Structures are given as C-alpha cells and as structure tokens.
1. Pick from the stretch 49-82 the residues that are among the basic types (Lys, Arg) and within 30 Å of SER98 (Cβ to Cβ): which of them is farthest from the chain's Cα centre (by Cα)?
2. Only residues that are closer than 18 Å to GLU81 by Cβ and either aromatic (Phe, Trp, Tyr) or free of Cβ contacts under 8 Å to residues at least 12 places away in the same chain (or both): list them for the stretch 35-57, please.
3. Wholly within the stretch 1-105, which helices (runs of 4 or more DSSP H) include no fewer than the required count, namely at least 2 residues that are of a type in the set (D, E, K, R) and modelled with pLDDT of 90 or more?
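The values are calculated or read from the model by the stated rules, or taken from the named source; none is laboratory data. Just so it is clear, the model here is predicted, and its values are computed rather than measured. So basically every Cβ, Gly included, is an ideal-geometry build from the backbone, and we count neighbours across all protein chains shown.
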Amino acid sequence: MSFRHIVPVLLLSLTFGVLISGCEGPPDEIIMDAEDAINSAIAAGAADASPGLLGKAQTLLQEAKMLREQGKNKDARKKAEVAIIRARKAEKYAMQVSGVAKKAPETSNTTEKPESEAPQPE
C-alpha cells in the first residue's frame with residue numbers, strides 16, 4: 001500500500017473513533033455514585049446538620065433518574081454530578097458540626113488541672 005492509500009484509511013479510522021467516543025451510554029454508574037454520596041452524607045448526620053444541601057442533592061438525583069428514563073443521558077449525568085457535589089458538601093458540613101460538638105466538652109476543661117497535677121498540701 002502506498003502512502004496515498006493509507007491516509008484515507010487513517011482519517012476514516014480517526015473520524016470513526018471520535019464519533020464512537022462521543023456516544024456515551026446511560027449514566028447508571030454516576031447515578032449510583034450520587035446515591036452512595038447521599039447515603040454517606042446521611043450517615044454523617046447531614047439530615048440534621050445540613051438539610052438544605054442534602055435535600056438539594058436528593059432532588060438532583062431524582063431529576064437525574066427522570067432524565068435517564070427520558071433518554072437524556074448527558075443532562076442526567078450533569079445532574080448526578082452536581083448531586084454528588086452537594087452531597088459531599090453536606091457530608092463535610094455534618095462532619096465539621098459533629099467534630100465541633102465532640103470537641104466542645106474537652107475545651108471547656110482546659111483551665112482545670114487534673115488532680116495528679118494539682119499542687120498537694122505539705
């Protein structure tokens with residue numbers, strides 16, 4: 001084969017590869033990731049600490065599922081990605097709140113010395 005024959009074959013292969021890579025399948029995996037992120041946020045206490053963010057993540061997940069059912073995979077994927085971001089923010093906030101709550105009792109006793117360190121009468 002000469003170079004003139006190889007170039008069209010390469011261009012055709014390249015074009016076909018670009019077309020194939022542009023076709024994305026259903027967003028099932030990212031939707032499952034969003035569900036996992038929401039469940040993790042709930043487990044961290046986001047329902048109490050950050051109900052707004054958690055609720056928005058849950059709404060976005062439901063919208064992503066509806067879009068997937070309608071065959072709007074690209075839009076569904078975007079909604080699921082945003083749902084993951086919101087759920088992670090809710091989880092992070094819940095962890096910060098629970099961390100502050102756990103540390104509060106410890107910091108209130110900083111001025112008191114334990115009995116072993118207190119001066120002993122002679």
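1. Here is the first cut: in the stretch 49-82, the residues among the basic types (Lys, Arg) are 56, 65, 68, 72, 74, 77-79.
So of that shortlist, the ones also within 30 Å of SER98 (Cβ to Cβ) come out as 56, 65, 79.
Details: LYS56: 13, LYS65: 16, LYS79: 12 Å.
Applying the filter and picking the extreme gives LYS65.
2. The initial filter retains those residues of the stretch 35-57 that are closer than 18 Å to GLU81 by Cβ, namely 35-41, 53-57.
Within the stretch 35-57, ASP36, ASN39, GLY55 meet the criteria.
3. On the way: elements: 3-22, 28-43, 46-49, 51-69.
The helices (runs of 4 or more DSSP H) meeting that bar are 28-43, 51-69.
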